[in-house]
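Participant: Input: one structure, supplied below.
What follows draws every value from the coordinates through simple rules; no lab data is involved. Fair warning: this is a prediction, and the values are worked out from it, not measured in the lab. Heads up, the Cβs are rebuilt from the backbone with ideal geometry, glycines too, and the neighbour counts pull from every protein chain shown.
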Amino acid sequence: MKLTQEQIKAYDEEGYIVLPSLFSQQEARLMKSRLPALYQMSRDEVIKEKSGVVRTVFAAHTFDEVFARVASHPRLIEPARQLLNSEVYMHQFKINAKAAFNGDVWQWHQDFGTWHQDDGMPEARAMNIAIFLDDVNEFNGPLMFIPRSHKEGRLDASHDLTTTSYPLWTLDNAKVAELVEQGGIVAPKGVAGTVLIFQSTLVHASSPNLSPWDRNTLYVTTNSVENAIRKFQRPDYIAHRDFTPIHTLDDTCLDEFHQAVA
Ligand code: SIN
Ligand code: MN
């Protein structure tokens, strides 16, 4: 799958693109059907909120056969190669649950801040691709972007170890206010199967989910093979060490599982 010149321009200028229903309802349902089993697992990859519900499952592509295929899906990996202008490997693979009533905040941050500080990623040649596994609306904690904020490059950040159960390099309020003054805030919404691709220096956050609707999101983080990380302080299920270029599967690679959830 190839992005159009217009989409590439939007990614460069605005810092993100929205691909409504890139995955079908059936494909999104298939991915979602795997979550209850993952959320019951007791293993290091499953991170809980302070309230005890699941916040994030890391590296599910290493222990779930559907997510193993999603991690090599051409609708994700081909645009990543195109935008990064090289072969890519998987730096991180995670599912954020953002559970109804209990899903906690993600503070304002740039992903590259954490990847650079904690993982020694040299340059901002990685990106996040998000797949909505639920319909996302204004109430269930949609991801918020500050358009064009990626153009600032890597910003000063401090390591927040207390706000949530998960440490994050976060921006201070004065800087966020200044960036919002210039770019405003957008919160792309859409049906399950919608995909967002965003720059690793784009400033983003999300509010707690007070609604009765879960907001499960899958994040595939691809990095250029020319930009492999150099620091190995985080566990390898958070910052992967396998820098092998991803070999894409067929576009129909999820089809054989559909019967199971029909
Ligand atoms: C993230 O920024 O890594 C996650 C944000 C979210 O899932 O709302
Ligand atoms: Mn992020």
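Participant: So for Trp108, Trp115, fewest C-beta neighbours within 10 Å to most, what's the order?
Facilitator: Trp108, Trp115
Participant: Fewest first, what order do Phe63, Phe93, Phe232 take by the number of other Cβ atoms within 10 Å?
Facilitator: Result, fewest neighbours first: Phe232, Phe63, Phe93.
Participant: Counting only the backbone N, which residues of the range 130-146 are under 19 Å from the spot 7 Å out from the Cα of Leu249 toward its beta-carbon?
Facilitator: Within reach of a label on Leu249, which here means backbone N under 19 Å from a point 7 Å along Cα→Cβ, the range 130-146 contributes 130-133.
Participant: In whole angstrom, note down how far apart the Cα centers of the range 107-132 and the range 38-62 are.
Facilitator: 20
Participant: So how long is each side of the chain along the principal axes, counting just the alpha-carbon atoms, biggest first, in Å?
Facilitator: If we take the Cα atoms of the chain, the spans are 51, 41, 36 Å.
Participant: Lysines near Lys151 by alpha-carbon distance under 21 Å, same-chain residues fewer than 8 away left out - which ones?
Facilitator: Lys9, Lys175
Participant: Can you give me the Rg/Rh ratio for the range 1-84, using Cα atoms for both radii and the Kirkwood formula for Rh?
Facilitator: Rg/Rh for the range 1-84 comes to 1.06.
Participant: Ok, one more. Work out the length of the dipole vector of the range 8-261 about its Cα centre, built from +1 on the beta-carbon of each Lys and Arg and -1 on the beta-carbon of each Asp and Glu, and round it to the nearest 20 debye.
Facilitator: I would put it at about 300 debye.
Participant: Same structure again: Label point 7 Å out from Glu123 along Cα-to-Cβ: which residues of the range 181-223 have amide N under 17 Å?
Facilitator: Counting backbone N atoms under 17 Å from the label point, the list is 199-202, 222-223.
Participant: If I build a Gaussian network model for the chain, linking alpha-carbon pairs within less than 10 angstrom, which residue out of Gln92, Gln25, Gln233 has the largest mean-square fluctuation?
Facilitator: Gln233
Participant: Another question about this same structure. Cut-off is 10 Å between beta-carbons; in what order do Lys98, Lys2, Lys151 appear when sorted fewest neighbours first?
Facilitator: In order of increasing Cβ crowding within 10 Å: Lys2, Lys151, Lys98.
Participant: Moving on. Largest first and to the nearest Å, give the Cα extent of the range 11-160 along each principal axis.
Facilitator: If we take the Cα atoms of the range 11-160, the spans are 39, 35, 31 Å.
Participant: Let me ask another. Can you compute the FRET efficiency between Phe139 and Leu161 using 1/(1 + (r/R0)^6), with r the Cβ-Cβ distance and R0 = 22 Å? Round to the nearest 0.05.
Facilitator: Computed FRET efficiency for Phe139 and Leu161 comes out at 0.15.
Participant: Viscosity 1.002 mPa s, temperature 20 °C: what is the translational diffusion coefficient of the range 133-262 from Stokes-Einstein with a Kirkwood Rh over Cα pairs, rounded to a whole number of µm²/s?
Facilitator: In µm²/s, the coefficient rounds to 120.
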